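The values are calculated or read from the model by the stated rules, or taken from the named source; none is laboratory data. Not measured: the values here are computed from a predicted model. Virtual Cβ from ideal backbone geometry, glycine too; neighbours counted across all protein chains shown.
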Amino acid sequence: MARIMSGVQPTGNLHIGNYLGALVNWVRLQDQYEAYFSIVDLHALTGRPEPAALRHAVREVAIGVLASGVDPERATVFVQSHVPQHTELAWVLTCLTPLGDLNRMTQFKDKSQHQPDNINTGLFTYPVLQTADIVLYRADRVPVGEDQEQHLELARETVRRFNHVYGETFPEPQVVKSSAPRVMGLDGESKMSKSRNNEIGLFETADETMLKLRGAKTDPARLRKTDKGTPEVCNIYSYHGFFTGEVQRAAIATGCRSAQLGCVDCKKLLAQNLEVVKGPIRERAAVLREQPRRLEEILAAGAHRARAEAEKTMVLVRERVGLGAPRS
Ligand code: TRP
């Protein structure tokens, strides 16, 4: 069975962008592949979170992953820092990565702009650690959103370089595109993200979501309910694309174009459809939150499996690059 590996950062609470961009695919792919899914707390350190907040976020994201339907019996779900081989391999790969390659990474530039007071080296070498995450499990495929494609290209480049210098060791990881590669935030201006405060939280109640939707932008040319709208330019309508069935969606589009359906009603329909997805996840999450020991056990078992596999790779890597005791 081919292998996949993917990671999600524990920064703040999960939102529907994470759900559509990653979690839905993880759930789908866990049946087709041998899957490794990681909560990448070492990556989150690049944002220098409060220690207590980081620990809390790791737990909440793990809960969200499991509540969304990732099955820890089938997939290996683990916290990145519980497997020290990630950092060890990252260093080896860092020494193979030209400065110029990292300099081209657009996410580094974006993040540097976003946190100008904390442009740390980890932010710069972030994609190297990500490559280590992937190749440590010799993964063939990596499900990620389109914003990660540049990092994946770099990972493939690094694999080719490693294999060229030290001999064939890793497969070149291919991207598995997510079905919703880009989910816009409620501001309609940038990708949904916690740091931009434009998210619909995965654990939000229906009321909380409706409150946020009320303030959200729709078709900017539709000022009054009697104005005819253009669904294609409406951010709310784009969400219907993910959560609303085809028949209802067609009715919404028609109602919007003819000004029969107002934006508030359109938002209410969306809130209802969102709740169909979020409701059961929120309930499963609440159950897990009441069972901290069970969560700990699941993550400990995942780390145990991940470490065993990671160590196999590192034995080979250490030997190839000339580290550790020589084999007799
Ligand atoms: N950088 C990814 C993101 O922000 C998260 C990530 C870390 C990841 N390590 C990974 C994704 C390995 C896929 C594989 O979304």
Criterion: of a type outside the set (A, V, I, L, M, F, W, C) and more than 29 Å from PRO49 (Cβ to Cβ) - qualifying residue of ARG282, ARG214, ARG196, ARG182: ARG214
Matching residues in the range 145-179 - criterion: being closer than 17 Å to PHE242 by Cα and buried (at least 19 other Cβ atoms within 10 Å of the Cβ): GLY145, SER178
Subset of the range 192-223 that is surrounded by 14 or more Cβ atoms within 10 Å (Cβ to Cβ) and modelled with pLDDT under 90 - its residue that is farthest from ALA139 (Cα to Cα): ARG196
Candidates ASN25, ASN18 - the one that is assigned to a helix (DSSP H, G or I) and either crowded, with 23+ Cβ neighbours inside 10 Å or near the ligand (Cβ under 9 Å from one of its atoms) (or both): ASN18
Any hit, the range 117-127, residues being surrounded by 14 or more Cβ atoms within 10 Å (Cβ to Cβ), closer than 19 Å to GLU172 by Cβ, within 13 Å of the ligand (Cβ to nearest atom) and modelled with pLDDT of 95 or more: yes
Subset of the range 145-170 that is under 19 Å from LEU89 (Cβ atoms) and touching a residue at least 60 places away in the same chain (Cβ under 8 Å) - its residue that is nearest to the ligand (Cβ to nearest atom): THR158
Test for LEU42: is it out of contact with any strand residue (DSSP E or B) (no Cβ under 6 Å at 6 or more places or on another chain), part of a helix (DSSP H, G or I) and within 14 Å of the ligand (Cβ to nearest atom): yes
Filter pass, PRO72 being more than 16 Å from the ligand (Cβ to nearest atom) and either at pLDDT 95 or above or over 23 Å from LYS312 (Cβ atoms) (or both): yes
Some residue of the range 47-68 being assigned to a strand (DSSP E or B) and of a type in the set (Gly, Ala, Ser): no
Pick from the range 128-144, criterion in contact with a strand residue (DSSP E or B) (Cβ under 8 Å, 6 or more places away or on another chain) and not in a loop (DSSP other than H, G, I, E, B), ranking: surrounded by the fewest Cβ atoms within 10 Å (Cβ to Cβ): ARG141
Some residue of the range 166-176 being within 30 Å of GLN85 (Cβ to Cβ), among the aromatic types (Phe, Trp, Tyr), over 16 Å from the mean Cα position of the chain (by Cα) and assigned to a loop (DSSP other than H, G, I, E, B): yes
Unique match (being out of contact with any Lys or Arg (no Cβ under 6 Å at 6 or more places or on another chain) and either aromatic (Phe, Trp, Tyr) or surrounded by fewer than 16 Cβ atoms within 10 Å (Cβ to Cβ) (or both)) among LEU261, LEU316, LEU269, LEU288: LEU316
